[in-house]
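These notes concern the structure reproduced below.
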Amino acid sequence: MRRAAWRALERLGVLAWVGDLRARLRYIRSRELRERNASLTTAPTADGYPLPPPELVYAVAGHFDLDLYVRSGADHAEFIRDRVSAAGLDLDRARALLEFGCGCGRVLRRWHTLTSARVCGCDVNPRLVAWCQGALPFAEVTTNGLEPPLPYADDTFDVIYAISVLTHLPGSLQERWMRELERVLAPGGVALVTTKGASRSDALTAAERERFEAGQFVVQASRYAGRNLCAAFNPERDIRERLSGDLEVVEFVPADGAVFTQDATVFRKRAAPATFARAQ
């Protein structure tokens, strides 16, 4: 009975509202964190670009910690670079790169050193897009809808990545967005997407876990598509059989449960062009 009532409140969004309120109150009460954030905001940054307000960081990551924001962005950028290189492509010689779901630039800001690439980002939240447009002038950042299409031509990007985007979409939208990313990915290009997998299965009910372990896709609160309330879980089998489409699955990297709490899948669009440099 208690669990049923809990799930009913969750479906109504009440638990999420309560959780949000608690997080904000903890931040208000944490003088140490607020002072540390203020210090980081006023100090020069390593890359020369401003840090976003803690409120925007919370909208994306569910916490207010600017230091964690910076460090996790560096970790993810290094991970993306390594996986792209392992797939045979040299990120520093890419012609165009897209972050699908760029938020307030946590990872996107790391690509200011790419001198040969057109760096693009897009996000469904216009507040986050507006901040990136003002703070990260080296990148072309635009707003996308909850559903495709993206405002890019076919075969535009050598590298595309999406960190914790499919994790908040029901199955039908996952498939449509994967086909859209496939459309704008250049032949021979690489796409990396993260998904919730076995390391996050403690959030599943017993019935949901049984389906997940059988290789089936599981989604919670699908009516909140595109928001943190919607939680999608993709076993590896589902990614390979349903999401890949005509893309080749190059690598599936399970979450380590520490720095990376989501699985990552690297896809390649077939028929690499000679004009895109291979990693040495």
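Each value in this text was obtained by applying a stated rule to the coordinates, not by laboratory testing. Not measured: the values here are computed from a predicted model. Quick reminder, even Gly has a Cβ in these numbers, built from the backbone with ideal geometry, and neighbours come from all protein chains shown.
In terms of the Cα gyration tensor, with a ≥ b ≥ c the square roots of its eigenvalues, is segment 97-170 rounded because a/c is under 1.5, prolate because a/b exceeds b/c, or oblate? Here segment 97-170 falls in the oblate category.
Computed from the C-beta positions of His112 and Glu175, the FRET efficiency with R₀ = 35 Å rounds to 0.60. Taking Rg and Dmax of the Cα atoms in Å as calculated from this structure, the corresponding entry among [x] 18.3, 56; [y] 19.0, 62; [z] 17.6, 51 is [y]. Determine, from the Cβ-Cβ distance of Leu21 and Ala206 and an R0 of 25 Å, the FRET efficiency 1/(1 + (r/R0)^6), rounded to the nearest 0.05. Given R0 = 25 Å and the Cβ-Cβ separation, E is 0.30. Under 5 Å between amide hydrogens, built in the peptide plane, is the criterion, and for Val218 it picks out Phe233 among residues at least 5 positions away or on other chains.
Among Gly171, Gly197, Gly48, determine the one that fluctuates most according to a GNM of the chain built with springs between C-alpha atoms less than 10 Å apart. For the chain, modelled as a Gaussian network with Cα springs under 10 Å, the answer is Gly48. Distant-in-sequence amide contacts of Ala186, defined by a placed amide H-H separation under 5 Å and a gap of 5 or more residues or a different chain, comprise Thr156, Phe157, Asp158.
Segment 23-113: which trypsin sites (Lys or Arg not before Pro) are DSSP loop and have at most 11 other beta-carbon atoms within 10 angstrom?
Answer by residue number: there is no such site.
In order along segment 106-114, the phi-based Karplus estimate (6.51 cos²θ - 1.76 cosθ + 1.60, θ = phi - 60°) of 3J(HN,Hα) comes to 3, 9, 3, 4, 6, 9, 5, 7, 7 Hz; Gly and Pro are listed as x.
Between Glu147 and Arg237, the simple label model (points 7 Å from Cα in the Cβ direction) yields a spacing of 3.1 nm. Rounded to the nearest 20, the Cβ-based charge dipole of segment 66-268 about its Cα centre (Lys and Arg +1, Asp and Glu -1) stands at 480 debye.
Each Cα pair under 8 Å and six or more residues apart adds its sequence gap; the mean of these over the residue count of segment 66-268 is a relative contact order of 19 percent. FRET efficiency for the pair Glu32 and Thr261, taken as 1/(1 + (r/R0)^6) with r the Cβ-Cβ distance and R0 = 30 Å, rounds to 0.75.
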